[in-house]
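First comes the structure, then the notes that go with it.
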Amino acid sequence: MTATSVIPAPFDESRSRAGFLSRALSSDLPRSRALSFILIAIVLTLALTPLLFSGSQPLSTAAKICVFIVLVASYDLLLGYSGIVSFAHTMFFGIGGYGIAIGLEKLGPDWSSVAIGLIAALALSAVLAIAIGLLSLRVRAIFFSMITLAVASAMAVLASQMSGITGGEDGLSFQLPYALRPAFRVFSEPVFGVMINGRIVAYYLVFFVTVGVFLLLLRIVNSPFGRVLQAIRENEFRAEALGYRVVAYRTAASVISALAATIAGGLLALWLRYNGPDTTLSFAIMIDILLMVVIGGMGTMYGAIIGAALFVLAQSYLQVLMDAGSKALAGIPLLPNLVHPDRWLLWLGALFVISVYAFPGGIVGRLRQGKQS
Amino acid sequence: MAVNDVSCRFTPGTLTAIVGPNGAGKTTYFNLVSGQLRASAGQVLVDGEDVTNLAPSARTRRGLGRAFQLTNLFPQLTALENVRLAVQSRADAGWSFFKVWNSRRDLIEKAEAVLERVRLADKRHVAPKTLSHGDQRKLEVALLIAMEPKVFMFDEPTAGMSVDEVPTVLELIHDIKQRGDATVLLVEHKMDVVRSLADRIVVLHNGTLVADGDPATVIASPVVQEAYLGVETTRD
């Protein structure tokens, strides 16, 4: 998979811009009015979801979008910025989930268990990423991809076999620290008509960690280090000849990406109060991540926000929409069957093929192009 | 075996031209020195330090700088960014994660100065894939200059350039030589260029060294006349 042919044309970015927003976004602004608008809309909606919508479904969807923004952004660092195709990303996602789950289940529901679980998970992810990187990033790209596939599969088997620790196929359910439980109240009175309970605290924990990790990843891809990654993606041979140790840079990129995926896994486990093979380790999630990166736009970071929001919304609401459509079309031959909720994957697949064909640079690439022409 | 038994010592402040017919092993020799190829036998020493077992990046950091014959750039990054990456490598500033890259104004200014020297300043925001061939060659030279190596290895820097662009590049190479602290190796086909710049000529033929010495002697020697120059003079 080549990531190079879809990057928008270069522009003058060597002047650093002043201002808080520019600093927070590491001088890498959206560079398109439509894109800025969409991003602001998504972020504002996510920030205000607990106040705007009632019920648990919208809040769960929003939390899932947040988690996937971190996960997809970290994968974009690897695929879009470094040109590395890894299939082990869900493994690191799973390690994060299991870290939190095992920590809280074995050590009891308090914050120190969260910290211990997360730190252990981060350490394990780092060690695995370094080992995979040093062993295989110096050889051909396809070999690295195959190794990651093998290690990830082995890890998935391991997680389901070691049921004493991981809960096996059933996964682990656990109690959260008191401040994150539904019974917890921040204030005794409702704020703007909403009772701020532990669920909402948990949501904002997910939200703010997402914002922090995303901004950090955005900073890293725009750092001198991130620039070297892009150089390696463009021309590995020349980057080496310029004096950059390609293997070391690539390994560092895969470690950073793995750590961010681990945090995402931890967030998901905290939100769901559960972690199992299907929620974080499954290969289906790996494919979802790939789709989200490509739909959003590889090598853009902002694509992660749009890709994750669009994909998770489609996953959650496409079936509802199709159900309505199917009912509305009742009586007409063939059509109701075609939009039957059971066909939602078919339509998602069709949407994906069309979007890749029509916007090879993803949604972000398309929006930025529109501005330049 | 592409190159066999070619031993040379190059001293700072001199420019050595490496000449020979197509397929003589000139580029292979460069690849062995800069590390893109590993030699099956022999040693590469820089300032007395053995770099034979080092990767290309490690040799570059020890002062071996290389420009390539087939243009070898970062096609989608701007000309300025191409050069800035070379400057950044020289400044050893790649391992910085939490600063924004353009906060290092000094690196950008240095890159701009190099682009100025190769007369590409007005094309700083153009990506190499849309530059003309001659401009790509100049950018290739710019990357080497930006690395400020101890040893400059130019592999046919003027190949495919239009006549009016050639002097810019030759002037640059001349300036580097005049500075006196750098060792310049130049693979070149054009004998007039070689005559005007070289302090010494090394002639390769079928992967072996057939002549080595000051330009007048080498060009006059019968073996060179026959192996290389003879062919060219009859063609002219």
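Just a few scattered comments:
- For the peptides A:246-256, A:86-96, B:95-105, residues were scored by their other Cβ atoms within 10 Å and the scores averaged per peptide; the highest-first order is A:86-96, A:246-256, B:95-105.
- CD proxy at 222 nm, helix term only [per DSSP H run n ≥ 4: -39500 (n - 2.57); per residue of chain B; nearest 500]: -10500 deg cm²/dmol
- Hydrodynamic radius by Kirkwood, which averages 1/r over all alpha carbon pairs of region A:107-191, in angstrom: 16.2 Å
- With a 10 Å cut-off around each Cβ of A:246-253, the average count of Cβ atoms from other chains is 2.
- Counting Cβ atoms of other protein chains within 10 Å of each residue's Cβ and taking the mean over peptide B:60-68 gives 3.
- Positive-end residue of B:Ser34, B:Ala127, B:Thr168, charge dipole of region B:15-235 with Cβ unit charges: B:Ala127
- Applying 0.36 nm per residue to the separation of B:Ala41 and B:Asp5 and subtracting their alpha-carbon distance, the gain on full extension is 12.0 nm.
- Over the protein assembly as shown: Kirkwood hydrodynamic radius from C-alpha pairwise inverse distances, Å: 27.2 Å
- Order of A:Tyr302, A:Tyr357 - criterion: other Cβ atoms within 10 Å of each residue's Cβ, fewest first: A:Tyr357, A:Tyr302
- Taking the number of Cβ atoms within 10 Å of each Cβ as an exposure proxy, the fewest-first ranking of A:Leu345, B:Leu120, A:Leu25 is A:Leu345, A:Leu25, B:Leu120.
- Average partner coverage of B:199-212, which counts Cβ from other chains inside 10 Å: 0
- Pairs spanning more than 24 Å between alpha-carbon atoms, out of B:Lys110/B:Lys138; B:Lys26/B:Lys177; B:Lys110/B:Lys190; B:Lys26/B:Lys150; B:Lys138/B:Lys190; B:Lys26/B:Lys138: B:Lys110/B:Lys190.
- Just so you know, the averaged projected area of the alpha carbon convex hull for chain B sits at 13.4 nm².
- As a length-normalised measure over Cα pairs under 8 Å and 6 or more apart, the relative contact order of region A:226-310 settles at 13 percent.
- Sorting the segments A:259-266, B:110-117 by their mean number of nearby beta carbons within 10 angstrom, highest to lowest, gives A:259-266, B:110-117.
- At R0 = 30 Å, FRET efficiency that the Cβ-Cβ distance of B:Gln225 and B:Arg62 yields, to 0.05: 0.20
- Over chain A: helical MRE at 222 nm, DSSP H runs n ≥ 4 each giving -39500 (n - 2.57), nearest 500: -22500 deg cm²/dmol
- Sequence-distant aspartates and glutamates (8 or more away, or on other chains) whose Cα lies within less than 14 Å of A:Lys327: A:Asp342
- Mean separation of Cα contacts under 8 Å, 6 or more apart, over the residue count of region B:15-235: relative contact order %: 30 percent
FYI, it's all coordinate maths here, none of it is from the lab. Here the structure is a predicted model, which means the values were calculated and not measured. In this analysis, Cβ positions are derived from the backbone assuming ideal geometry, glycine residues included, and neighbour counts consider all displayed protein chains.
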